[in-house]
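The values are calculated or read from the model by the stated rules, or taken from the named source; none is laboratory data. Note that the structure is predicted; figures quoted are calculated from it, not measured. Cβ placement follows ideal geometry from the backbone for every residue including glycine, while neighbour counts extend to all protein chains displayed.
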Amino acid sequence: MIKREYILGNEAIAYGLLEGGVEAAYGYPGTPSSEIMEKLIELSLKYGFYAEWSVNEKVAFENAVGSSWGGRRATVIMKHVGLNVAADPFMTLAYTGTRGGFVLIVADDPSSHSSQNEQDSRRYANFARIPCLDPSSVQEAKEMASYAFELSEKFKTPVMLRSTTRISHAKSDVEIEEDLKPKENSLGEFEKDPSQWVMVPASARRLHPELNEKQKKIEEELKNLPWNRLELSSSKIGVIASGISYLYTREAIDFLKIPVSLLKVGTYPPPVSLINELLERCEKVLIIEELEPVLEEFVRICADSGKRNLRIFGKLTGHIPREGELSVDIVKKALGKVSGRAFKRESDPLEKIKELLPPRPPTLCAGCPHRATFYAMKKVFGKNAVYPSDIGCYTLGLQMGTVDTCICMGASISVASGLYRSGEKRNIVCTIGDSTFLHTGLPGLLNAVYNRSNIVVVILDNGTTAMTGHQPHPATGITAQGRKTHQICLEHLVKAYGVDYVRTVDPYKLDELIQAFEEAKKCRGVRVIIAKRLCALLARKSTPKVKQFKVTESCTRCKRCLEIGCPALTWDGKKVSINEECLGCGVCAQICPTNSIKEVEEDKDEV
Amino acid sequence: MKFDLVIVGVGGQGVILVSDIIGKSAVREGLSVRAAETHGMAQRGGSVENHLRIGRDFGPLVPRGSADVLLGLEPMEAARCLHLLSRDGIAIVNTKRVLPVSVSSGKLAYPDLDEFFEEAKRIFRKVLLLDATELAKKAGSILATNMVMLGVLTRYLPLKQETIIETIKESVPKKYLMVNLKAFELGKTVKTRSIQLSTSSKKLL
């Protein structure tokens, strides 16, 4: 039976995978993809398939390869930049092919809402020569996820489902199959075939032409899918749109009431015959897509062999921006321009206020242990030291002046070593979170020790993958399903790599933390400090506020406490007070030079 | 039935819960819904902007100048997103400020928005200002501010109040249900009028 539910795009994708018969799921969290795996983990408990948080995307990808080669339907889920980490197995899997259906889900982030870049994963699909499905709505994303296994098995190729933030983090009423039966437990079995699974050069040379030959058949299959659709009108203006842009386009057309022929593209390689049919009838064609001009370049190649009185508009002509996400307004403007009916937006008399309002960026939470660590670091090493950092909540340490670099997951330690080798004479103190350290920080540390780097590495160990929604990792000792497993000890791990100076400190104990930094400052080589304290958001859930603090009358209004930017401290123009956000970490009380922030004793009614 | 709504506030105020309750209620009544949320970096006390569209099969984002209602759980965030509201639309704004760290740490001033909202009243169909946080306190907890705002909003939603109450009962933990329902009720019945926002520190317009 089909029921309608109001769910997140990412949850819909998880249901699609379930309906498609997923048997093994792997992934590493990353906005905007994380909720796909979270939903799958929940469903795995009910339906009995395998699901795990892997330590990084490459590892996740290779696990999925193993499961597929074992004959099972496997999926691997990540954000766009995760595919950079997994690119090595990804590129060659296209050659070897798959056995059990292999569905790669990548969530792109146009406008970089939560990312370091806005790369376009359709380029990757094209690069590896694998089919890519590009949904325009939540319902479509679900249907594509389900179908992708079938497509993969038909052509023995990995299939990419490319989502974007506005699909993944959109909510919609979605049709879901209500009474799926839990799977009967069947087992995979690997079939030995070195000519297929062992990629020595001879295999690569044989399989590359096979990959190229597959393309025609894949194109043939894709063009007939319902997600490619041509709506013709008598107009000489044509529009081709892909992904969520298709819905923006329909809304813009509805608003402007311009008759156009509209081609919706939902697959890559795109449907050549439909594109040619549109080009044949039109004199002007506008291509609307987010991120890179992938579709536009394809259409231009199609047009090359065609008629001459045809003009093509898109990113390459400046009609559609190449950066940022699109919107109905952007499409309206472009469509108005191409059709010669300039669309003028009403000016907004209140618009200018936007520039005058103080920004409200995300900040480290009240009681966040990272704040204390950053404070101590800066106090000991000063603002002149160089602070390479990494990806996680702690990147918000930017606001405290303790984040000087951030490029990709796990890079902080390697960038720090490279800075040292560049001849930088100042102290180099890098920060990396526990989950990020286990993701790709380990090889950087190994390399730093091996090559005798001279840096301080601070592992900000808050016992979780906080930024993406508190997923477990190997040092938490808990699996995705919440079961107990071996708990990796970070201190042992670091020592095993050959680091001599290792200290684990509770960042709420500022004196001890400062002392550990002072000691580290006096040594040379690779020194590691593990600042260990549970994420404040998690701590708040498990234990209510333990201590209460207040600002007493001896306060000299020096505002030293405000320097740490804690949202629990308020300056009203005359004095500092502690507001209801306070978790009672007591860090501000330790910073106060006049000892004026004091714990409220429970028995007395002082508050 | 077509209805475009934008809900804005600060991470932690329960913007998504309000949006979810409306979305689920709409589905209950057989209407199609599309919504867009802010996750990840945008949380952690940052600005939160949620779009919700009932009875439209387009994308989830409300184009500028076309929201039927802008529900602002915080005045500065409401000001930031007022450009999304249609001239025929209604702004419902909680006047209780939540200070961004740049303000609470004394680096920047919280703007005086009185004149801004006065100006807004001349442009839009209706601008309702109320101290929803105070009402929530009356209901039992300032954390129920979002429910007060939902209560005010129901007057303009194309949904039955009973459906919304049913969905609240489903969505809120039992422990907090009474407070939430009371807050919702206060919002539903409150007489809204223009009130002063607060002492000014910096003139904007």
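Filtered by the rule that a residue be closer than 30 Å to A:C368 by Cβ, more than 9 Å from chain A (Cβ to nearest Cβ) and either over 12 Å from the mean Cα position of the chain (by Cα) or not in a loop (DSSP other than H, G, I, E, B) (or both), segment B:62-80 gives B:L71, B:G72, B:P75, B:A78. Surrounded by 14 or more Cβ atoms within 10 Å (Cβ to Cβ), over 26 Å from A:E289 (Cβ atoms) and touching a residue at least 40 places away in the same chain (Cβ under 8 Å), is that true of A:K156? Criteria met by A:K156. Across segment B:4-21, the qualifying residues are those that are within 10 Å of the chain's Cα centre (by Cα) and assigned to a strand (DSSP E or B), and the one among them that is farthest from B:L159 (Cα to Cα) is B:G9.
The listed residues are A:E580, A:E519, and the only one of them that is farther than 30 Å from A:V449 by Cα and out of contact with any Ser or Thr (no Cβ under 6 Å at 6 or more places or on another chain) turns out to be A:E580. Among the residues of segment B:81-119 satisfying the criterion of being basic (K, R) and more than 9 Å from every other protein chain (Cβ to nearest Cβ), which is nearest to A:E355 (Cα to Cα)? The residue in question is B:R97.
The one condition from (1) in contact (Cβ under 8 Å) with a residue 40 or more places away in the chain; (2) in contact with an Asp or Glu (Cβ under 6 Å, 6 or more places away or on another chain); (3) within 7 Å of chain A (Cβ to nearest Cβ) that B:K24 does not meet is (2).
Would you kindly identify the helices (runs of 4 or more DSSP H) lying entirely within segment A:266-356 that contain at least 3 residues that are touching a His at 6+ places or on another chain (Cβ under 8 Å)?
Numbers: elements: A:272-281, A:294-304, A:328-339, A:353-356.
In segment A:266-356, A:328-339 are the helices (runs of 4 or more DSSP H) which contain 3 or more residues that are touching a His at 6+ places or on another chain (Cβ under 8 Å).
For the subset of segment A:258-293 comprising residues that are within 15 Å of A:N224 (Cβ to Cβ) and among the β-branched types (V, I, T), which member is surrounded by the most Cβ atoms within 10 Å (Cβ to Cβ)? If we take residues in segment A:258-293 being within 15 Å of A:N224 (Cβ to Cβ) and among the β-branched types (V, I, T), then A:V265 is surrounded by the most Cβ atoms within 10 Å (Cβ to Cβ). Could you go through segment A:66-74 and let me know if any residue there is crowded, with 21+ Cβ neighbours inside 10 Å, touching a residue at least 60 places away in the same chain (Cβ under 8 Å), touching a helix residue (DSSP H, G or I) at 6+ places or on another chain (Cβ under 8 Å) and aromatic (F, W, Y). Scanning segment A:66-74 turns up at least one residue that is crowded, with 21+ Cβ neighbours inside 10 Å, touching a residue at least 60 places away in the same chain (Cβ under 8 Å), touching a helix residue (DSSP H, G or I) at 6+ places or on another chain (Cβ under 8 Å) and aromatic (F, W, Y).
Is it fair to say A:W53 is surrounded by 22 or more Cβ atoms within 10 Å (Cβ to Cβ), of a type in the set (A, V, I, L, M, F, W, C) and farther than 19 Å from A:G20 by Cβ?
Yes; evaluated as a whole, the condition is true for this residue.
Scanning segment A:24-38 for residues that are away from every other protein chain (no Cβ under 14 Å) and surrounded by fewer than 24 Cβ atoms within 10 Å (Cβ to Cβ) yields a single hit, A:A24. Annotation: of all residues in segment B:127-179 being in contact with a strand residue (DSSP E or B) (Cβ under 9 Å, 6 or more places away or on another chain), in a helix (DSSP H, G or I) and hydroxyl-bearing (S, T, Y), the one that is farthest from B:F116 (Cα to Cα) is B:T145.
Let's see how each residue does on (1) under 21 Å from A:R99 (Cα atoms); (2) more than 14 Å from chain B (Cβ to nearest Cβ); (3) in contact with a Pro (Cβ under 8 Å, 6 or more places away or on another chain):
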position: A:R123; (1), (2), (3): no, yes, no
position: A:A141; (1), (2), (3): no, no, yes
position: A:T157; (1), (2), (3): yes, yes, yes
position: A:A170; (1), (2), (3): no, no, yes
position: A:I176; (1), (2), (3): no, no, no
position: A:E184; (1), (2), (3): yes, yes, no
position: A:G188; (1), (2), (3): yes, yes, no
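Return yes when A:H486 is in a loop (DSSP other than H, G, I, E, B) and surrounded by fewer than 20 Cβ atoms within 10 Å (Cβ to Cβ) and no when it is not. Yes: the conditions hold for A:H486. A:E150 meets all of the listed conditions (1) away from every other protein chain (no Cβ under 14 Å); (2) surrounded by 24 or more Cβ atoms within 10 Å (Cβ to Cβ) but one, namely (2). Taking every residue in segment A:543-566 that is closer than 17 Å to A:E580 by Cα and pairing it with any residue that is of a type in the set (S, T, Y), at least 6 positions away or on another chain, the pairs with Cβ-Cβ distances below 7 Å are A:V551/A:S577; A:V551/A:S596; A:T552/A:S596; A:L562/B:S105; A:G565/A:T363; A:G565/B:S105.
Checking A:K39, A:K46, A:K58 one by one, the residue that is modelled with pLDDT under 95 and either assigned to a helix (DSSP H, G or I) or under 26 Å from A:L187 (Cβ atoms) (or both) is A:K46 and no other. Select, from A:V429, A:V403, the only residue that is assigned to a loop (DSSP other than H, G, I, E, B) and among the β-branched types (V, I, T). After ruling out the rest, the residue left standing is A:V403.
For segment A:562-600, which positions are at positive phi and at the interface with chain B (Cβ under 10 Å from one of its Cβ atoms)? Before the answer, list the steps.
First pass over segment A:562-600, keeping only residues at positive phi: A:565, A:573, A:584, A:586, A:595.
Matches in segment A:562-600: A:G565, A:G573.
With the condition kept exactly as written, say whether any residue in segment A:461-484 is over 27 Å from the mean Cα position of the chain (by Cα) and assigned by TED's automatic domain parsing to the domain that holds A:T402. Even if it seems obvious, please write down each step before you answer.
Of all residues in segment A:461-484, those over 27 Å from the mean Cα position of the chain (by Cα) come to none.
Scanning segment A:461-484, I find no residue that is over 27 Å from the mean Cα position of the chain (by Cα) and assigned by TED's automatic domain parsing to the domain that holds A:T402, so the answer is no.
Identify, please: which residue in segment A:579-607 is touching a Leu at 6+ places or on another chain (Cβ under 8 Å) and modelled with pLDDT of 95 or more and is, among those, surrounded by the most Cβ atoms within 10 Å (Cβ to Cβ)? Among them, the one singled out is A:V587.
Restricting A:R166, A:R250 to those that are under 29 Å from A:G82 (Cα atoms), surrounded by 16 or more Cβ atoms within 10 Å (Cβ to Cβ) and either under 33 Å from the mean Cα position of the chain (by Cα) or touching a residue at least 24 places away in the same chain (Cβ under 8 Å) (or both) reduces the list to A:R166.
In segment A:543-561, the residue that is modelled with the lowest pLDDT out of those that are loosely packed, with under 15 Cβ neighbours inside 10 Å and within 14 Å of chain B (Cβ to nearest Cβ) is A:P544.
Considering only segment A:392-405, I want to know if a residue exists there that is among the small types (G, A, S), touching a Gly at 6+ places or on another chain (Cβ under 7 Å) and more than 11 Å from every other protein chain (Cβ to nearest Cβ). Quick ask: steps written out before the conclusion?
So the first thing to find is which residues in segment A:392-405 are among the small types (G, A, S), and the list is A:392, A:397, A:401.
Imposing the further condition that a residue be touching a Gly at 6+ places or on another chain (Cβ under 7 Å) reduces the set to A:392.
Then keep just the ones that are more than 11 Å from every other protein chain (Cβ to nearest Cβ); that gives none.
Among the residues of segment A:392-405, not one is among the small types (G, A, S), touching a Gly at 6+ places or on another chain (Cβ under 7 Å) and more than 11 Å from every other protein chain (Cβ to nearest Cβ), which makes the answer no.
Taking the criterion of being facing chain A (nearest Cβ under 7 Å) and on the phi > 0 side of the Ramachandran plot, the residues of segment B:27-51 that qualify are B:G40, B:R44, B:G45. Scanning segment B:1-14 for residues being away from chain A (no Cβ under 11 Å) and under 15 Å from B:I142 (Cβ atoms) gives a total of 2. Among the residues making up segment B:47-61, none is assigned to a loop (DSSP other than H, G, I, E, B) and among the hydroxyl-bearing types (S, T, Y).
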